[in-house]
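Since the structure comes first, as structure tokens, the remarks are kept for the end.
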Amino acid sequence: MDIDNCSTACQRTCEAPEICQDEVCTDGEVCFCPDGFFMKGSTVYLLNNVDVTYQKADDRSSDFFVNSGCTRKGVCTNGLIIWDEGYACSPKAECGVRNDIRQCYCANGYRGDGVNCTRPPKDCQEIYDDDSTRKSGIYRIKPPDGRVFQRRVDGSQDFYLGWNSYKQGFGNLSINFWLGNDKLYYLTNQKRYEIRIDLVNRYGAPYYAKFDFFRTNDESDNYRLSGVGTYSGTAGL
């Protein structure tokens, strides 16, 4: 153990970051440990020989400790802890313990270090809404579990259109639309999908038909169905 002259006579160790360790320090002095050791009371311990409560970062490059409310984060240096008082969880995160490590963790659907959490946009419209200066390109999105590829609620949209219109898609996504045969092909060939068709008759009574598998071929095969699974529902066949 080494003793340095210092204006602070109380120091905290990585082994007990919230407990003041000053038993062997005199006024104007502070006790600190060589690299790889920590102090408990007046005894210096080798880190590898005891069960310590500090937390090891995944990349093994730094040791850190987050207090119980996730309002401070300390970094261990030479057995002592230096606090970052500005540590705070994102509004989209919560303070918790996972794999014996306490820190801020992003909520489901969000990514980040817990201090900064972001959610992938669910569609291209959200990308544009966040930054209208973005150029056309390929972006990562995370759509909701269900994908609607046709909606027809009234007669305001003409559905008697040609091949290219159905290939590319048409209409207003908020009211009446066809998503597009090309898009439908790429969607249904990524993984296994089911299809559900919801209908309402002229009296407002709802019906549905569901098939537990659904896939289409590409334009070279005229976008024909390549598979339809088992039926269930109330619409009848």
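A short reminder: the numbers here are calculations on the coordinates, not readings from a lab. The structure displayed is predicted, hence computed values, not measured ones. Ideal geometry is used to build each Cβ from the backbone, glycine not excepted, and the neighbour counts take in all protein chains shown.
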Problem - Extension reserve of the Asn116-Asp221 stretch, reckoned as 0.36 nm per residue once the Cα distance is removed - result: 33.1 nm
Problem - Residues Arg111, Arg72, sorted so that the one with the fewest Cβ neighbours within 10 Å comes first - result: Arg111, Arg72
Practice task
Please order Tyr223, Tyr231, Tyr203 by the number of other Cβ within 10 Å, starting at the fewest.
Solution key: Tyr203, Tyr231, Tyr223
Handout entry: Under-5 Å amide H pairs with Arg147, H placed in peptide plane, nonlocal only
Key = none
Problem - Peptides ranked, highest mean first, by Cβ atoms within 10 Å: ranges 154-162, 118-126 - result: 118-126, 154-162
Practice task
For Leu237 paired with Thr71, estimate the spin-label separation in nm (one decimal), with each label point 7 Å from Cα along the Cα-to-Cβ line.
Solution key: 6.4 nm
Completion exercise
Zone reached by a paramagnetic label modelled 7 Å from Ala209 Cα along Cα→Cβ, restricted to the stretch 143-184 with backbone N below 20 Å, covers 147-154, 159-160, 177-181, 184
Handout entry: Ranked Trp163, Trp178, Trp83, criterion: other C-beta atoms within 10 Å, fewest first
Key = Trp163, Trp83, Trp178
